[in-house]
1. Would you mind listing the strands (runs of 3 or more DSSP E) fully within the range 331-401 where at least 2 residues are in contact with a helix residue (DSSP H, G or I) (Cβ under 9 Å, 6 or more places away or on another chain) and touching a residue at least 40 places away in the same chain (Cβ under 8 Å)?
2. How about the range 27-40: which of its residues are outside any loop (DSSP other than H, G, I, E, B) and surrounded by fewer than 20 Cβ atoms within 10 Å (Cβ to Cβ)?
3. Testing F336 on (1) under 26 Å from the mean Cα position of the chain (by Cα); (2) of a type outside the set (V, I, T); (3) within 13 Å of ligand 2 (Cβ to nearest atom), one condition comes back false. Which one is that?
4. Under the condition of being in a loop (DSSP other than H, G, I, E, B) and out of contact with any Ser or Thr (no Cβ under 7 Å at 6 or more places or on another chain), which residue from the range 553-576 is nearest to ligand 2 (Cβ to nearest atom)?
5. Considering each of E527, E561, E507, E498 in turn, give the residue that is surrounded by fewer than 21 Cβ atoms within 10 Å (Cβ to Cβ), within 26 Å of the chain's Cα centre (by Cα) and not aromatic (F, W, Y).
6. Using beta carbons and a limit of 8 Å, which pairs, at least six apart or on different chains, have the first residue in the range 438-457 and more than 30 Å from H417 (Cβ to Cβ) and the second one part of a loop (DSSP other than H, G, I, E, B) and of a type in the set (A, V, I, L, M, F, W, C)?
7. Is it true that Q318 is surrounded by 20 or more Cβ atoms within 10 Å (Cβ to Cβ), at negative phi and among the polar types (S, T, N, Q)?
8. What strands (runs of 3 or more DSSP E) lie completely within the range 41-133 and have 3 or more residues being under 30 Å from R223 (Cα atoms)?
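The values are calculated or read from the model by the stated rules, or taken from the named source; none is laboratory data. In this text the structure is predicted, and so the values were computed from the model without any measurement. So basically every Cβ, Gly included, is an ideal-geometry build from the backbone, and we count neighbours across all protein chains shown.
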Amino acid sequence: MSEGNKINATSLPISSLKGVGEKLSNSLIKLGIRNLEDLLFHFPIDYLDRTKLEQIADLTPENDFVIRGEIEKVSQTFVPRKMLLVKIKDNSGHIFLRFFYYFPSLRNIFKEGANIQVAGKSRLGRYGLETIHPDYEILNNEDFIPKILPKYRLTKGITQQKIRKIISQTCQLLRDKKIEIDDYINHPNLQSLNDAVVGIHQPDHKNPINDYLIGGESKARLRIGLEEIIANKISYLSIKEQNQNRPAERFENNILAINIEENLPFSLTPDQKKSYQEIAEDMASGSPMLRLLQGDVGSGKTIVAALIAAHVVEDQKQVVILAPTTILANQHYESFCEWYGDNENIVLLTSKLPVREKREIYQKISDGIVKIIIGTHAVFQDELIYQNLSLVIYDEQHRFGVNQRLKLKEKANDYPHQLLLSATPIPRTMAMGVLSGLDISTIKSLPPNRIPVMTSTLANSKRDALIKRIQNAIANDSQVYWVCPLIEESENELTGIEELEKILKKEFSKNDYEIIHGKMKDDEKKEIIKNFKERKTKILLATTVIEVGIDVPDANIMVIENAERFGLSQLHQLRGRVGRGTKESFCILMHSETLSEISKERLRIITETSDGFSIAESDLKLRGPGDILGLSQTGLPSFTFYDLLSNKELQNEADKYAKEIIKLPVESQRKIIERWFPAHLELSDV
Ligand code: ADP
Ligand code: MG
């Protein structure tokens, strides 16, 4: 599509930009950015309003602002930690700038009496209004330039300023028509993709910011949104199309499965039966299965997966069950051994095994001696060769990265059957538009006899009451999960796991509790879970490592610290760890005294609702544009731009274009999808 001397943005590596060396390149690659088109498709996740100069006296806490003033005083303190404090005044009032982690040279940039422009987010500190690590510019009579500044998703080694600079440099190349992006949609009423991309990175400051956010009315937004929906639609359409023409092994024997089912200590729920039936039909159809099995936490997806695996084992072929954590892999291994009544066919493969043991397992897998391979990402090792991998089951599928999934598929002889398990249900309103092409089975009801978890909230100031209650509970044989969110360095007001331990140390005996977190060795974690399962410890003090899948039916109390920090789906997942046995269960959500409106609403919903589906719906509704990043927690495919949720008209429009584009050569389709959803490629092969 190149004309004249324009260069296609995909053919220029990011290293061709000024100021992008090896180190920055490597960081950018972590964000999936390799060439200039990737960079241009790294869209803002939010914008900062830098359009209006304000007076200091008019500033309110927790808002973005720009002010101009004079540096009144600069001071450094070392207690409680190293910090640079800069006092700024204008003729209405003053504000403090606070810097932690800074180079000593920063001290010399701020000269008392100099004029400065400061932009940041204000908050109420100990000495009044302050702002932490703001943007600033020492002034020499420059005029104020109003701006809407884009905010990007970052990774280690990249700052906002840096990524803004290189994206703006690349936008300039687009404007100057030195480079171009392939555009497959030509319509007189639509902006060109090239213009839209520039527009979304560099909004016109005269327009309201909302026009550029989800559901916004700016031309750039509409055009990019349309592009995203189309990409999504064609990705699934192509999967469907291809799968129809591709043969896959048929699995029709179910004697082993029947045998396992008959020996279970429980009978399957009607939803489990129905889902199992649907999956079994796919496996017998002769085309590759691509199915999502969704069901609330604790609904019993694992046994359904185990029964399906039995079809493959009976025919002497291999199954991989991929778990996101070692703890979970371990637990699945135990369940499978129990259900299958032996462990000869089954092997557990995690990355931390001793080399010799690993070699032995590899040998057994390539010789076909073992049929069920349960593991973490270790199942992807290059040296590992499967004899005849025919079914891949991804547990909590959204936790796996693109490359991991791709690797596993390469290991199968033919096109394998794929089953994705997810505990975060996809609301019906979305499933149709977003996931058309992926077959879905749903387990709606929980196994019988489950008593709903009583959920309540408690402010941090009432911690004493909580401690009494837990002391009583463990004296009466209860077991407790006590969960802390992960903490970022700058957020020292939160109760981290170490802080919490200090409190517990005083209130409980040393044998009552153990700590578990993600950075521990696998063996250590295994031991701790085992102790908890065997009731040797009463309290498991944990980070969110326990979010996924731990199954200890006796545990009946869940305490969540800083519950306002979690998304709804995550809270629901955590709560799902209790209420698995016959005892009455409780979930106590600790929170700070002051809550934002949205946090209040979240806590209200989670205390009033136990149905995962309606929680997922509310979760989506509550998430605003600023919360796009958190979307990965919902279990939905990782949408970059999130327009899929809004605008029915755009959806219909996209349908029309998608049907046309699907007729284009596969290469072009692949390109459009890849821009948006590299994750879909592994499923489709477009
Ligand atoms: P999830 O869907 O969250 O992965 P699991 O598969 O871990 O749930 O199942 C949760 C618990 O419920 C397990 O202990 C499992 O053995 C048990 N379970 C599964 N199905 C049933 C059933 N039909 N009746 C009773 N218990 C069941
Ligand atoms: Mg599970």
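1. Once the strands (runs of 3 or more DSSP E) in the range 331-401 are filtered for at least 2 residues that are in contact with a helix residue (DSSP H, G or I) (Cβ under 9 Å, 6 or more places away or on another chain) and touching a residue at least 40 places away in the same chain (Cβ under 8 Å), what remains is 372-375, 389-394.
2. Selection gives S27, I29, K30, N35.
3. With respect to (1) under 26 Å from the mean Cα position of the chain (by Cα); (2) of a type outside the set (V, I, T); (3) within 13 Å of ligand 2 (Cβ to nearest atom), F336 is out only on (1).
4. Among those residues, the one meeting the criterion is G576.
5. It is E498.
6. Once the first residue is more than 30 Å from H417 (Cβ to Cβ) and sits in the range 438-457, its partners that are part of a loop (DSSP other than H, G, I, E, B) and of a type in the set (A, V, I, L, M, F, W, C) give V453/V578.
7. Here the answer is yes, as Q318 does meet what is asked.
8. It comes to 46-50.
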